[in-house]
Amino acid sequence: MKELAEKYNTELLIMTGFLDGINESLKGYENPIDTMEEDTVVKIEIDPEKLYYNMVEAKADWLYGLPQWDAILTPEKRKELYKAQKISGTVIKGPKIGRNDPCPCGSGKKYKKCCGKNA
Ligand SMILES: [Zn+2]
């Protein structure tokens, strides 16, 4: 961590913040941000698809909209990741069940006397 901070001419705290931000966009592992010290050896191999996805999730359009992405992921791939992220956050609500309706579990009882007892 100390070497990285020096290499990028920044402070250890800023380097840690950067790593914290990017930690979930790495290839199959995460660095131990919480227990990290200046001599902790870290690995930074960015997975561009994960990174793009996470930027969409964070609604950081100033990041996932950067023109530099053109050189990293195709527009089709980006569209696909964008859609996948948006869909993952969608809550699909079923029709509302009334207390006196038959229970959807198929027991034949009223919802309020069956699965809806504690609802
Ligand atoms: Zn039921």
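Across segment 89-111, the qualifying residues are those that are under 30 Å from Ile46 (Cα atoms) and without any contact (Cβ under 8 Å) to a residue 12 or more places away in the chain, and the one among them that is surrounded by the fewest Cβ atoms within 10 Å (Cβ to Cβ) is Val91. Of all residues in segment 52-67, none are in contact with a Pro (Cβ under 7 Å, 6 or more places away or on another chain) and surrounded by 11 or more Cβ atoms within 10 Å (Cβ to Cβ). With respect to the conditions (1) of a type in the set (A, V, I, L, M); (2) within 30 Å of Cys115 (Cβ to Cβ); (3) in contact (Cβ under 8 Å) with a residue 12 or more places away in the chain, Ile44 falls short on a single one, namely (2).
Any read-out appearing in this document is the output of simple, stated calculations on the displayed coordinates, not a laboratory observation. This one's a predicted model, so the numbers in the text were calculated from it and none came from an experiment. Don't worry about glycine lacking a Cβ; one is built from the backbone with ideal geometry, like all the others, and counts go over all protein chains shown.
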